[in-house]
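The values are calculated or read from the model by the stated rules, or taken from the named source; none is laboratory data. Worth saying up front: this structure is predicted, and the values here are computed from it rather than measured. Here the Cβ positions follow ideal geometry from the backbone for every residue, glycine too, while neighbour counts run over all protein chains shown. The area values use the complete protein model at the heavy-atom level, side chains included, leaving out ligands, DNA and RNA. Shrake-Rupley method; radii C 1.70, N 1.55, O 1.52, S 1.80 Å.
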Amino acid sequence: MGLVRLKSYFIDTVMPRWLEAAFDEGAQQFIEGLDLDGTPDKSGIVRARTAARQIYVFAHAHSLGVAPDGALAKAEAAFASLRKIAWSNDSPRGYASAIDIASATVTDSRRDLYDHACVLLALAALSTATAKACYRHAIAEVVEVLDTTLDGRFTGYAEDERGTLPRRQNPHMHLFEAFLALWEAFPDCRHAARAGELYLLFQGRFFDERYGLLREYFGPEWEVSTEFDSDRLSPGHMSEWVWLLGRYEKLSGRDLSREKRLLFANALRGKATGWPFVMDEIDPGGTLLSDKRRLWPQVEFLKANLAMGDANHEFAEQVAGALFESYLADTPPGTWRDCFDLNGRPTARTIPGSSLYHLWTAVAELLNRPGATSRVAAFATP
């Protein structure tokens, strides 16, 4: 079965490979990705979001009892390295967007919302896995950055300290994910309130009620406009919201079945001919706007099928099985081909570490489903 195979392959092959190949022992940091032959990227440049997502994967896997030996120690070392190089108390406070791990210097000083969402998710996992006060303190620091450096007008948060346009739903979606993780791990009305605010932003701004779809790009006051490419839609992100809304349903007690159903139907419009995969971008009518299909939208589409319930389980199996025939085929063990064109030709020039996070979230979902068997460790309490 595709789902069982995916879970076993990730735990037994992918995680050990990445923990060894994608961790720079000298810098004590995860790297941006691997070359196509499976060897480490040698650039030394690492985005904060990529490091944070790998920290999250290994810390979360430790809490679920499936991480390789030494995973939590490397996750903690990587966060210590990230904080030492990228964090600044100077105005504007926050984490730099990219660093050079060879020289231990900042290469992109922007305080980016997407990066901080990923750091917050990593900290949720580290705090859960260790119960250390230092991570709870770091969580509070990131929340303060959200409220000061990244404070956005007209609700929501700014893209960065410069107020870059267009405004995007994507960083807010990952911030929603981070606060859901905090709420799940440490029931706290403050985390619940933050998640609720972001859900209301989804409901009032991102979700187009008239057409039942998810808008990606907006103007400074969240206006929809061709100037800001508001008609460029992502089936992968619609799928991701289906999964996140399912998690929010369980925590909040709300019935979000209608929103999930409409988003899932629109995500299906992006399905590639002859494959159970979705393309990267479509317009509101379902016309393809991209000739690419990356790996991450397929994993989010798989998760959306799981979130839609038992009726979609067979299709989730098909997607998982097809991953082994396409993205996970003919690559070094534990790696993948990240992107294909419309003709099924691989086009990626690297194996990005960001995709490790997407694959892990699908595996974690399978581990958390009723009846799943795993070496699940007890969650630490704050």
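Taking the charge dipole of segment 15-64 about its Cα centre, with +1 at Lys and Arg Cβ atoms and -1 at Asp and Glu Cβ atoms, the residue from Ala48, Gly33, Trp18 reaching farthest to the positive side is Ala48.
Relative contact order for the chain: 19 percent, from Cα pairs under 8 Å spaced at least 6 residues apart, divided by residue count.
Hydrodynamic estimate: the Kirkwood radius of the chain over Cα pairs, inserted into Stokes-Einstein at 4 °C and 1.567 mPa s, corresponds to D of 62 µm²/s.
Take Thr273: with every protein chain present and a 1.4 Å probe, its accessible area is about 140 Å². Note on Asp341 and Arg210: the model spin-label points, each 7 Å out from Cα along the C-beta direction, lie 3.7 nm apart.
Take every pair of alpha-carbon atoms less than 8 Å apart whose residues are at least six positions apart; their mean separation over the length of segment 103-243 yields a relative contact order of 22 percent.
Mean residue ellipticity, 222 nm, helices only, the chain: the sum of -39500 (n - 2.57) across DSSP H runs of n ≥ 4, divided by residue count and rounded to 500, is -15500 deg cm²/dmol. Across the chain, the longest piece that holds none of the GluC sites (Glu not before Pro) lying in DSSP loops with up to 16 other C-beta atoms within 10 Å covers 26-208. Roughly how many Å is it from the Cα centre of segment 138-196 to that of segment 265-325, as a whole number? Comparing the Cα centres of segment 138-196 and segment 265-325, I get a distance of 28 Å. State, as an integer percentage, the relative contact order of segment 1-121 based on alpha-carbon contacts under 8 Å between residues 6 or more apart. Rounded, it is 23 percent for segment 1-121. Which pairs, out of Lys42/Lys132; Lys271/Lys292; Lys271/Lys303; Lys250/Lys271; Lys42/Lys303, put more than 21 Å between their alpha-carbon atoms? Violating the 21 Å Cα-Cα cut-off are Lys42/Lys132; Lys250/Lys271; Lys42/Lys303. Does segment 148-260 come out rounded, prolate or oblate, given a ≥ b ≥ c as the square roots of the eigenvalues of its C-alpha gyration tensor, rounded meaning a/c under 1.5 and, failing that, prolate meaning a/b above b/c? Verdict is oblate for segment 148-260.
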